[in-house]
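S.K.: Quick one: this structure, given as structure tokens, is what I'll be asking you about.
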């Protein structure tokens, strides 16, 4: 059963006179993993902001599981970039993951110490032993897994990961891909941005190549051609380099 | 006996009793907010709101509406203005705060000097502990109780929003509402401090207790407890100093808070070097 998780049709996002996204359309099915690829300033984060309702589109329609963005709150989980979070908070890993339960538990109640959803999410991300450690004391990869655990505890259907490959080592990257594969297996939908083209692209079901408009969308083999990369990244030379990287990584 | 007298004598004066109760209430109120202000990095924003309350107080005095209402409105409008400037222009947050802070403060000074020269600017800015009325005492106690209650009931929402604002809004929390409730509370804390520490030096109580707690606390609960303890201690010691030195209570309370911060800083350094040795 193939049902649509995210449908974007004719999306245009603009800040004053700067057009961040122009006439962007694509469709992502449930249980798939999509990479949004493009250079800095290509509109990747504007796309995420539009998906979670942080910016109002100038034109176009976004449907999340058939719902408008404002009605889909809570169905989307967002895994932030490092800089978006206030690290001075003396919170433990458990505290952060328990935040994911905030809406389900409701107002005026606290999340129980033995909350099963929180413990299961910690288990899945391999953080159970670290649950009493301060989040700020963990490695970059562990911190990221804590935020993914929070997203899992939230029981969302769609997971948005903003540049998750930035600043983590190869081992953390492997673990991240393991966790994401498991989520795909149980029917969750993952969309992540990346400008890191050395990652293993065969992992993804779809690539959305952006440069303020859709350069190409579809399977990695279809999208990652020298021609598409050249029009996304501007220069033939960069694109050639990228395809070389790709060939080494074995995705073409 | 002499020591007991030293501590009890100020309490025999009616105005000092009111001053103690009000200062302690302000201490609790400001130091609770201080935890969030420090962790979220809102120190400058707290400073801006404290300055921005001035024109609200001046205009309220002119039009004979309650000072509390005028001050709270001014605080909210200024925090809203900062948000709008930041979102709608390319001006950075600290710049937006600087613009609103100085503009509002200047408006307050012009309004006071032009319209109500009898309003004592010095007392508004730095407190006048002799003048705490029963009404102000009750108001301060009520605001402190409201802030404690709000933090008690909605702590997990407050922490989630201030720790990770994007998460909070994506998860479906009313982020904007939470933001402005916190801004209103900071404004009310500033107004409640009018008589004891004044609207400028209350910034010391909005920043320093939380910063001291951050040096010492291992978790969030400890941080609130230490911060509130520092707030109360600063209020009490500061008032005794004010009484015996016949000095401005706003100054002595703020100085006490500062002294506690440096004492905690030194204590931490000393224990750290003792451990590493």
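Each value in this text was obtained by applying a stated rule to the coordinates, not by laboratory testing. For clarity, every value in this text was computed on a predicted model and none was experimentally measured. Quick reminder, even Gly has a Cβ in these numbers, built from the backbone with ideal geometry, and neighbours come from all protein chains shown.
S.K.: Give me the angle, in degrees from 0 to 90, between the Cα long axis of helix A:170-185 and the longest principal axis of the Cα atoms of chain A, rounded to the nearest 10.
M.R.: Helix A:170-185 sits roughly 90 degrees off the main axis of chain A.
S.K.: As a test of understanding, state the convex hull volume per residue of the protein assembly as shown from its alpha carbons, in Å³.
M.R.: Measuring per residue, one finds 182 Å³ for the Cα hull of the protein assembly as shown.
S.K.: Can you report the principal axis dimensions of segment B:121-186 using only the alpha carbons, biggest first, rounded to whole angstrom?
M.R.: Ordered largest first, segment B:121-186 gives principal extents of 49, 24, 15 Å.
S.K.: Extending each Cα 7 Å along its Cβ direction at residue A:87 and residue A:3, get the distance between those two points in nm, one decimal.
M.R.: Once both label points are built, they end up 4.0 nm from each other.
S.K.: Let me know the shape class of segment B:134-277, please: from the alpha-carbon gyration tensor, a ≥ b ≥ c as square roots of the eigenvalues, rounded when a/c is under 1.5, otherwise prolate if a/b is greater than b/c, or oblate.
M.R.: Values: a/c = 2.58, a/b = 1.14, b/c = 2.26.
The shape class here is oblate.
S.K.: With labels modelled as points extended 7 Å from the Cα through the Cβ direction, what inter-label distance (nm, one decimal) is found for residue A:107 paired with residue A:128?
M.R.: That separation, rounded to one decimal, is 3.6 nm.
S.K.: Another question about this same structure. When the scattering of segment A:83-156 is computed by the Debye formula from its Cα atoms alone, each counted once and equally, what is log10 I(q)/I(0) at q = 0.13 Å⁻¹?
M.R.: Normalising to I(0) and taking log10 leaves -0.32.
S.K.: Moving to a separate point now. Could you check how many percent of all C-alpha pairs in segment B:192-277 are farther apart than 23 Å?
M.R.: When all Cα pairs of segment B:192-277 are counted, 26 percent exceed 23 Å.
S.K.: With springs only between Cα atoms under 10 Å, which of B:15, B:151, B:63 fluctuates most in a Gaussian network model of chain B?
M.R.: Residue with maximal mean-square fluctuation among B:15, B:151, B:63: B:63.
S.K.: Still on this structure, please answer the following. What's the average, rounded to a whole number, of partner chain beta-carbon atoms within 10 Å of each residue's beta-carbon in A:95-104?
M.R.: Average neighbour count from other chains, rounded to a whole number: 4.
S.K.: Hey, got the average number of other protein chain Cβ atoms within 10 angstrom for residues in B:210-221?
M.R.: 2
S.K.: Using alpha carbons only, how many degrees (0 to 90, rounded to 10) separate the axis of helix A:140-153 from the longest principal axis of chain A?
M.R.: 70
S.K.: I would also like to ask the following. Could I get the Rg over Rh figure for segment B:49-123? Both from C-alpha atoms, Rh via Kirkwood, rounded to two places.
M.R.: 1.03
S.K.: Counting only other chains, what is the mean number of Cβ atoms within 10 angstrom of the Cβ of each residue in peptide B:170-178?
M.R.: Counting Cβ atoms of other protein chains within 10 Å of each residue's Cβ and averaging gives 5.
S.K.: Taking a temperature of 25 °C and a viscosity of 0.890 mPa s, what whole-number D in µm²/s does Stokes-Einstein yield for segment B:13-265 with Rh from Kirkwood over alpha carbon pairs?
M.R.: On the way: Rh = 18.1 Å.
Using the Kirkwood radius from Cα pairs, D works out to 136 µm²/s.
S.K.: In addition: Once the Cβ-Cβ distance between residue B:118 and residue B:258 is put in as r, and R0 is 30 Å, what FRET efficiency do you end up with, to the nearest 0.05?
M.R.: Efficiency, rounded to the nearest 0.05: 0.40.
S.K.: Rounded if a/c is under 1.5, else prolate if a/b is larger than b/c, else oblate: which is segment B:25-153, with a ≥ b ≥ c the root eigenvalues of its Cα gyration tensor?
M.R.: oblate
S.K.: I would also like to ask the following. I need the per residue convex hull volume for chain A, using only the alpha carbons, in cubic angstrom as a whole number.
M.R.: Details: hull volume 34.6 nm³, N = 252.
Given the Cα convex hull of chain A, per-residue volume reads 137 Å³.
S.K.: Two decimals is fine: what's Rg over Rh for segment A:1-130, C-alpha atoms, Kirkwood radius as Rh? Show your work: numbers first, answer last.
M.R.: Working: Rg = 17.6 Å, Rh = 17.2 Å.
With Rh from the inverse mean 1/r over Cα pairs, Rg/Rh is 1.02.
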